[in-house]
């Protein structure tokens, strides 16, 4: 997927880049299905209105992804009290998209981030590799990539304004 498709739907460059990252990790599934933890899912990990067995178009999936990204970004930024680099923002938005707002809000990762322990916060990503008590290879890979993106963002700090 190209970021330009998401930019055309009104997303900022950072959200469009995050969308490409999320789409890569989530994969595209045009037919609604039940995910490994029992949640109805479709398109690029969309769960809110997913219908198992329903066929979705590419345009429907892009619109759902754009809406989901905007919602998750708003929820993410409402609890983050520091300015994020682009790498951190993309990594944390991808993570938030995957684990949900409740898990993010109650995480040690968020506590460390808001205390200014940016490297410690990035390293917390590697702990989130379980679903229903089982290590998932896909989550291990995803978290490694999110962590690397996050750490790169911390090391090359170019903060972007969020609010």
Gyration tensor (alpha-carbon) shape descriptor, region 102-141, a/c threshold 1.5: oblate
Between helix 86-99 and the chain: long-axis angle, C-alpha atoms, 0 to 90°, nearest 10: 50
Gyration tensor (alpha-carbon) shape descriptor, the chain, a/c threshold 1.5: oblate
Most fluctuating residue given options 153, 120, 38, as computed from a GNM of the chain linking Cα atoms under 10 Å: 38
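Taking 8 Å as the Cα distance limit and 6 or more residues as the minimum spacing, I'd like the relative contact order of region 3-155 as a percentage.
Values: 207 pairs, mean separation 30.7, N = 153.
Once divided by the residue count of region 3-155, the mean separation gives 20 percent.
Pull out the extension gain between residue 24 and residue 77, defined as 0.36 nm times the separation in residues minus the alpha carbon to alpha carbon distance; nm, one decimal. Provide the component values of the computation, followed by the final result.
Numbers: separation 53, 0.36 × 53 = 19.08 nm, distance 2.24 nm.
Extending this stretch completely gives an extra 16.8 nm.
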Centre separation in Å (Cα based) which lies between region 123-152 and region 88-107: 12
Using alpha-carbon coordinates, inclination of helix 13-26 to the longest axis of the chain, degrees: 60
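Would you work out if region 18-73 is rounded, prolate or oblate? Take a ≥ b ≥ c from the square roots of the eigenvalues of the alpha-carbon gyration tensor; rounded if a/c is under 1.5, else prolate when a/b is larger than b/c, oblate otherwise. Provide the component values of the computation, followed by the final result.
Values: a/c = 1.61, a/b = 1.36, b/c = 1.18.
Here region 18-73 falls in the prolate category.
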Nearest-ten-degree value, helix 137-155 long axis tilted from longest Cα axis of the chain: 40
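All of the numbers you see were taken from the coordinates with simple rules; none came from a lab. Predicted, not measured: the structure shown is a model, and the values here were computed from it.
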